[in-house]
Amino acid sequence: MWSLFLRDIRLSIRAGGGALIGVIFFLAVIVTIPFGVGPDLNLLARIGPAILWVAALLACLLGLDRLLQADREDGSLDLLVLNGDRHMLALTVLTKCLAHWTGSVLPLVVAAPLLGLFMNMQPLGIGATTLTLLVGTPAITFIGAAGAAVAVALPRGGLLISVLVLPLTIPVLIFGVSASYGAVADPAPFLQPFLILAALTLFLAVLGPLAAALALRHGTD
């Protein structure tokens, strides 16, 4: 599994553009928001956590089609499906999800504090939002693995993956934004939604790869 993880990281680096495109898209969404809502700095600071989360979610969806597509094109995905049982295939998908998150989504989390300054957010709000993104964005990747497995054999399946995955990510978005607001708004709690967000990520770390493995086996059959 470690060798597969390192292989996918090397492939993402050699392919080029994946992480950079995600960060540029993330930046583009954040930069356009002030033009839409006006120059009110207090308003930007108030909606900053939600905007960061929505932009990160859309940037995550942007690269989900690359999760399994390269393995499908070179035939290695068929070998992975045929040579392992369901649980081993799920573990393989989990490893690929972690590699994809490290190579494509982690740069978004690293860029979040700088983009939070563009939204006039306070340091506490920036730190809380970055922490929730670090904990919550893996859940989006795990959900996306199931969508990528369903659409991997379809031509131009990237849009279909986004349509399938986006409704399922709403709970992650809700608790991520709630925890971010809870860190800066006194009546709102931070710990409870943050713990639920972490529980969602752990739950989807099991469910997502299993669903993807079933979809891949069904597609092969």
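For this structure, a couple of remarks:
- Residue match in the range 205-212 (condition: surrounded by 21 or more Cβ atoms within 10 Å (Cβ to Cβ), of a type in the set (G, A, S) and either farther than 26 Å from I33 by Cα or modelled with pLDDT of 95 or more (or both)): yes
- One residue from V105, V93, V110, V29 being over 23 Å from I9 (Cα atoms) and either surrounded by 22 or more Cβ atoms within 10 Å (Cβ to Cβ) or modelled with pLDDT of 85 or more (or both): V29
- For first residues located in the range 110-138 and β-branched (V, I, T), partners that are open to solvent by less than 20 Å² (accessible area, probe 1.4 Å) and outside any helix (DSSP H, G or I) and lie 6+ apart or on another chain with Cβ distances below 8 Å form the pairs T129/M121.
- Identity of the residue in the range 115-135, over 19 Å from the mean Cα position of the chain (by Cα) and of a type in the set (A, V, I, L, M), that ends up surrounded by the most Cβ atoms within 10 Å (Cβ to Cβ): M121
Conditions (1) over 17 Å from A148 (Cβ atoms); (2) among the hydrophobic types (A, V, I, L, M, F, W, C), marked per residue:
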{"site": "V163", "(1), (2)": "no, yes"}
{"site": "A179", "(1), (2)": "yes, yes"}
{"site": "G182", "(1), (2)": "yes, no"}
{"site": "A188", "(1), (2)": "yes, yes"}
{"site": "Q192", "(1), (2)": "yes, no"}
{"site": "A211", "(1), (2)": "no, yes"}
{"site": "L216", "(1), (2)": "no, yes"}
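- The one condition in (1) at pLDDT 70 or above; (2) on the phi < 0 side of the Ramachandran plot; (3) surrounded by fewer than 18 Cβ atoms within 10 Å (Cβ to Cβ) that A59 fails to fulfil: (3)
- Some residue of the range 170-192 being open to solvent by 70 Å² or more (accessible area, probe 1.4 Å) and more than 30 Å from P39 (Cα to Cα): yes
The values are calculated or read from the model by the stated rules, or taken from the named source; none is laboratory data. These numbers come from a predicted model, not from an experiment. All Cβ positions, even for glycine, are placed from backbone atoms using ideal geometry, and neighbour counts span all protein chains on display. Just the protein is used for accessible areas: all its heavy atoms, side chains included, with ligands, DNA and RNA removed. Shrake-Rupley method; radii C 1.70, N 1.55, O 1.52, S 1.80 Å.
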